[in-house]
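All remarks here apply to the structure that follows.
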Amino acid sequence: MPNRLWEGEERREHDHACDAKWKERYREISKDICLATKSTKIKQAILWATTGIAITLALTIAGRNYSRAGEQAVLDKEQSLGIYHHEERLDEMVEQTDAIVKDINDIQKDVGQIRNFMGQQTQILKALAREHDIDVGIE
């Protein structure tokens, strides 16, 4: 377009020609957009196939996760039973250890009494040995 001033009838003709060009371009752009966005049978088939594959994949993953959750629940139960069994064994061992400690304490008490008794017997033997002038070799 030349750089000139349009006047009167020329101006109207020029505006009409430009307007016609823009309307034609608009129609071409509209057709291109319509063709690009128009839903065809192939596009719909691709969409449905993709949706079907996505749903199948999601259901497969959900099924596997549900199965694994069930397996994990079984493992958890087995481990809980194992832990309970070990706790019972530990309780028994603690009871047995307490009984052993009590027996050792009783034995130490008995040993102490025996030592006292033996000390008394030794004192009596020493006294008798001195009284009768016998050398028994007891210190």
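The numbers here are math on the coordinates, done by the rules we state, and not lab data. Because the structure is predicted, anything quoted here is derived from the model rather than measured. Neighbour counts run over all protein chains shown; Cβ positions are idealised from the backbone, glycine included.
Would you list which lysines come within 20 Å of LYS41, measuring only between C-alpha atoms, while excluding same-chain residues fewer than 8 positions from it?
Within reach: LYS31.
Ignoring everything except DSSP H segments at least 4 long, calculate the 222 nm mean residue ellipticity for the chain; use -39,500 (n - 2.57) per segment, divide by total residues, nearest 500.
Taking each H run of at least 4 residues, the total per residue is -33000 deg cm²/dmol.
Using a cut-off of 15 Å between beta-carbons, work out the net charge of the residues near TYR84 (Lys and Arg +1, Asp and Glu -1, TYR84 not included).
-4
Specify which labelled value, from (1) -0.73, -1.14, -1.27; (2) -0.56, -1.14, -1.29; (3) -0.95, -1.18, -1.23, agrees with log10 I(q)/I(0) by the Debye sum over Cα atoms at q = 0.13, 0.20, 0.22 Å⁻¹ derived from the coordinates of the model shown.
(3)
Could you state the angle between the C-alpha long axis of helix 8-37 and the longest principal axis of the C-alpha atoms of the chain, as a value from 0 to 90 degrees rounded to the nearest 10?
40
If I fit a long axis through the Cα atoms of helix 41-131 and take the longest principal axis of the Cα atoms of the chain, what angle between them do I get, 0 to 90°, rounded to 10?
Around 10 degrees separate the two axes.
Can you tell me which aspartates and glutamates have their Cα less than 16 Å from the Cα of LYS109? Leave out same-chain residues fewer than eight positions away.
The qualifying aspartates and glutamates are none; the list is empty.
Looking at the chain, identify the longest residue range that excludes and avoids all trypsin sites (Lys or Arg not before Pro) in DSSP loops having at most 10 other Cβ atoms within 10 Å.
So the longest stretch without any such site is 39-139.
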